[in-house]
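One structure is given here, and the rest of the page talks about it.
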C-alpha cells in the first residue's frame, strides 16, 4: 500500500470518528432539548390543572358564599382591570425611556439600567411609597388642575401619592432592565453594511435608525416589551405596598381610589382566607395565568407576522 493510500485511509478514519462524535453530541443535545421542552409543558399543564381543580368551586358558588358577597365575575373584574392597567402603564413608560426619551436622558439612564435588575421588588415598593409617592403629589395636583378634562387625571388628586400612576412608574423602573437589555442587544446586531449604506446614500442619523435599525430589531423590541409585561403582570410586593386599594374600576390614575391587581390581592387576602375564599383566590390566579398566556401568544403572533414581512 502506498503512503498516499495510508494517509487517505487514516484521514477517512479520523473524519468518520470525529463525525461519529459530532453525531453523538448532536443526539445528546437534541434529546436534552426535547426533555427540557416536555418538562416545561408538563409543569405548565400541572399548574393549569391545579388552578382549574382548586378554583372550580369558586366558579360555581353562589355570590353569598364568595368574598364581599359578589359573583366571581364581579369579584375578579376589578382585579383583572387593575392588573392590565398597571402593566400597560409600566410597559409604555419603559418604552418611552428606552426608545423615545431625549438622547441625554436615555444615555444617563442607560448606565443605571443594568443595576436595577439586582434590586428586590420589596425595595422598589418601599421606594415608591416613601420617596416617589410623596414627590409625585405636586405633580398629581398639577395634573388635576390643568388636565382634569382627561379621564386619567380627573382627580381628586391623592394626598399621599399612593396611586395607580405611581405604581405603574415603579413597575416601569422594575421592567426597564428587561426591555432595555433585549432592545439594546437587538439593535447592536444590526448589520453594519445596512447602516453604512444608508449613511452613504445621505441619510441622517435619525433616518438611518428609522430605516435600518428599528425595522431590523422590531421583533426583538416586541419580545422585550412582552417579557416586561409578563413581569409587570405578576408583580406582587411592590404593588401591594404602594397602592391604596378601593376595588373600583376606574381609569383615574391620580386619585386615592385604585383598583388592585390579582397578584397583590392574593398576597393580601390569602393568609386570612379559608374555605371557599381560598378557592376564589386560586381562581383569580387562574385568570392571571390566562391573561399572561394570551399576552404571550399574542406577542408570538405579532413577532411571527413581523418576521414573515
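Where a number appears in this text, it was derived from the coordinates with a stated rule and is not lab data. As the structure is a prediction and not an experimental result, all values here were calculated from the model. We place every Cβ from the backbone using ideal geometry, glycine too, and count neighbours over all the protein chains shown.
Key figures for this structure:
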| read-out | value |
| --- | --- |
| Sites residue 135 and residue 115, calculated FRET efficiency, Cβ-Cβ separation with R0 30 Å, nearest 0.05 | 0.90 |
| By average C-beta atoms within 10 angstrom, highest first, the peptides 147-155, 78-86, 210-218 | 78-86, 210-218, 147-155 |
| Long-range tail of P(r) for segment 159-245 (Cα pairs > 20 Å, %) | 50 |
| FRET efficiency for residue 31 and residue 54, using Cβ-Cβ distance with R0 set to 45 Å, rounded to 0.05 | 0.85 |
| Computed Rg/Rh of segment 63-308, alpha carbon atoms with Kirkwood Rh | 1.03 |
| Inter-part distance where segment 242-294 and segment 41-73 are each reduced to a Cα centre, Å | 14 |
| Estimated distance in nm for a label pair at residue 146 and residue 43, the labels positioned 7 Å out from Cα along Cα-to-Cβ | 4.8 |
